[in-house]
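Nothing in this text is a laboratory measurement; each read-out follows from the coordinates by a stated rule. Source: prediction; values computed, not measured. We place every Cβ from the backbone using ideal geometry, glycine too, and count neighbours over all the protein chains shown.
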């Protein structure tokens, strides 16, 4: 029987444990959660979870992100209560980052993962898919998470070792270059703190504050004093990441930073989003429409094949079917749509080209004889929706004359070649006929002499 791990998240309130970097949480309660389910607290088995003496505490159920350890867990007044110990400050930048969020109060959710052992359906009409009452279960893991399902589980204590009153400020740089990247927000913050040597006794706090929206000026040497990274390290350089900027906006709106600090930090986000918009406007090109054109062309090809098949069937059956005519009309309409759509999308593509690109295309990376036609084609597309100018018409007429002249020259060469070949063939035929006649005359003379 395969093991199925279920997870239940709970909203957590905080209780401070001074000078120990510990957090006490209510992991689970007996109240009905948002899914309409109940976990019987006395039936939660924690023996395997605490077998080593301390259970691993994760961030958001990610097995690759252990951030603390559970040093005690038990039933207290019908609730499952745990004591969590975080590593010493500076030993684990990622743990420091999440501890700072928990200490600050921006993260207060707790979630347990468990293996159901004995279950009782609460909805008798839908026993398998309806809400359940978990009479007995085995605790498998325990995480801090921003999302909660049960309103009763709470972080009831947070410690504040060595920390004076927070003095939140914005030291974020507005001069960072932009880079595309998919690093998750936590990894970005960890990379900045690592580069700033927060593992040492003298971290580069001036550098670190550039990549975070806010920092605690009262405790600048502590990694947990830096909140909401919007940048990341790329080849040793601090660069603003569009993905991180987007995530930072959401994190900032959910934070409890002072209003003046939040306003200044939001101005930083607005600044980088403005840079991102300008960068997209300069470098972006509308090519999606051409992809749709190719799809429409494929549909036209398929419809043409279907039209041919139906015509063949109608000819064989001679039943006077109207389907070929209907498909033929649809084929023509789709063809007209394809032509119109192609012209529109290509017009838009060329309209985005710079003057330099226009000159390159107009002058042509092609044979000189084709330049007049190429230039007229490009200029026509760039003037989408306008009538041909007199100059454009003249240019295209010249191109057509050149094409016709070339056609006549090639046709003449072909005719001369054919005539020469035919003359040579006729000469060979006459010579062969003469040789045969002479041979027959000699044979007649031999027969005449033999008769005498």
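Quick notes
- Full-extension gain in nm, residue 47 to residue 341, via 0.36 nm per residue minus C-alpha separation: 99.1 nm
- Stretched out straight at 0.36 nm per residue, the stretch from residue 217 to residue 175 would grow longer than its current Cα-Cα span by 13.0 nm.
- Taking packing as the residue-averaged number of other Cβ atoms within 10 angstrom, the listed peptides 294-304, 314-324, 195-205 run from highest to lowest as 195-205, 294-304, 314-324.
- Take the Cα of residue 199, step 7 Å toward its Cβ, do the same at residue 323, and the gap between the two points is 7.3 nm.
- Extension reserve of the residue 312-residue 292 stretch, reckoned as 0.36 nm per residue once the Cα distance is removed: 4.2 nm
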